[in-house]
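Following: one structure in structure tokens, then a few remarks.
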Amino acid sequence: MTGASARQDTVSRAGPGGARGPRERAVWSRDFALFFVARAVARLGDTMLPVALAAGLLQHGYGAGAVGLAMASTAAAFAGLVVFGGVIADRFSTRRLMIGADLVRLGTQALAAALFFAGHVVLWEICAIGVVGGVASAVFQPGVASTVPRLASDIQGANGAIRIAESAAQLAGPALAGLLVGLASPGGVFAAHAATYAVSALCLLLLRLPPLPETPHGTGGGMRAFRADLVVGWREFRSRTWLWGVIAVWCLYMIAVWGPTVPLVAAEVVQRHGPRAYGLINSALGAGTVVGGLLALRLRPRRMLRAGAVALFAFAGFPATVGAGLGVPAMAAGAAVAGAGMSFWGVMWATTVQTQVPADVLNRIHAYDVAGSLAMMPVGQALAGPAAGALGAGQVLLVAGAMSLVVAATLLAVPAIRGLVRADAVTGPAG
């Protein structure tokens, strides 16, 4: 499908900071509100999933290593295929692809709910469900990057608003999951997660996106054109030192910080304090990300990546407080500070990519960004269990806290990253 109808959801902009059509608003409109709700509700379900996996697998005799493998199965499928999802999103209707991906994930989470309700929980089956969900996410995610600048001319404001919505979901999701686990079972959490994808698909179905001019792609059809699009996307990605530099540093972050932090914090807190305490700590993380999103709405730094990297120093408090065995209030405080730093970085990074990259390759560049950012996360998650067995979960989390400081310092040490000026502050695009 190569005609205009196949590409009706492709972004069309004059370039970073280019002119936009009269339909677009600075941030808020009916269509942006629908997209806002879709992202918030889907994020609500996603933040419930770690609680469900940790509580459910631990109840059935599995340990932290199994929780890490279950999470890694989704992350590996997602990271391995999202680049192809970016090419598909640049050639076809991104809205239809996102709706289809939501419906697939509705099915996978409904199946997981049925397995937990029936008490038939086998690790390989849970991992297989995670793989299918990861594939669907790989098709879904690239379209998010191109939809935001299409719905709003104030891209940083739109990203900040979405971040706040997702943060509010982070605040409510884990607490709701802990409540559902206590009142019902992990199966109830998976059922609620499935319902969030149904709501997201409905919002995207109601979204109105105007037809836009075609954008250039590889000539011909089939695999030759597909490969050509991949090559073009890679060249655009490689030509921007700030872009691949951040991704290279982020590989270290995923292996040494985020990868082990998610499953080990879940297992440690659930085992020592119960699922409700874990829900409380994740809600504190969500509250912090709300604060970070609000700051990102107000602050307009000239060098966005430098400001975001400084904020990343705050993340160390999350794994370090859990690793040190501090009480629930201290862990919640560490999570809140970490969430604020990570949220501010996220808005700065997303806005930088969406404004510095040409529209006709944005989905592919975003796919390379996501793939590179997450490629090492399943490695970190899979190694979390063995590392915890050899060193102790607390020690691994303390190392993760120290490495988060190293990552932030490394980002600031790269001139192309710390010196990049925002697109609307220069006369020409920065490369």
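The values are calculated or read from the model by the stated rules, or taken from the named source; none is laboratory data. Since we're looking at a predicted model, the values are computed, not measured. Using ideal geometry, Cβ is built from the backbone for each residue, glycine included, and neighbour counts are taken over all protein chains shown.
Inspect the range 240-257 for any residue being in a loop (DSSP other than H, G, I, E, B) and modelled with pLDDT of 85 or more and give the result as yes or no. Among the residues of the range 240-257, at least one is in a loop (DSSP other than H, G, I, E, B) and modelled with pLDDT of 85 or more, which makes the answer yes.
Taking first residues from the range 149-163 that are at positive phi and partners that are surrounded by fewer than 24 Cβ atoms within 10 Å (Cβ to Cβ), no Cβ contact under 6 Å between residues at least 6 apart in sequence or on separate chains turns up.
Taking the range 324-431 and the helices (runs of 4 or more DSSP H) fully enclosed by it, the elements with 2 or more residues that are over 20 Å from the mean Cα position of the chain (by Cα), buried (at least 21 other Cβ atoms within 10 Å of the Cβ) and not aromatic (Phe, Trp, Tyr) are at 328-356, 377-391, 393-413.
Among the residues of the range 271-282, those that are surrounded by fewer than 24 Cβ atoms within 10 Å (Cβ to Cβ) and within 19 Å of GLY61 (Cβ to Cβ) comprise GLN271, ARG272, GLY274. From the residues in the range 181-191 that are surrounded by fewer than 24 Cβ atoms within 10 Å (Cβ to Cβ) and touching a residue at least 60 places away in the same chain (Cβ under 8 Å), which one is nearest to VAL41 (Cα to Cα)? Here the answer is ALA191.
The set of residues from the range 283-298 being crowded, with 23+ Cβ neighbours inside 10 Å and charged (D, E, K, R) is empty.
Please verify whether ALA307 is under 25 Å from PRO415 (Cα atoms), buried (at least 18 other Cβ atoms within 10 Å of the Cβ) and at pLDDT 90 or above, treating the condition exactly as stated. So ALA307 fits the description; yes. Taking residues in the range 321-336 that are hydroxyl-bearing (Ser, Thr, Tyr), and partners anywhere that are part of a helix (DSSP H, G or I), the pairs with Cβ atoms closer than 7 Å and at least 6 places apart or on different chains are THR321/ALA330; THR321/MET331; THR321/GLY334.
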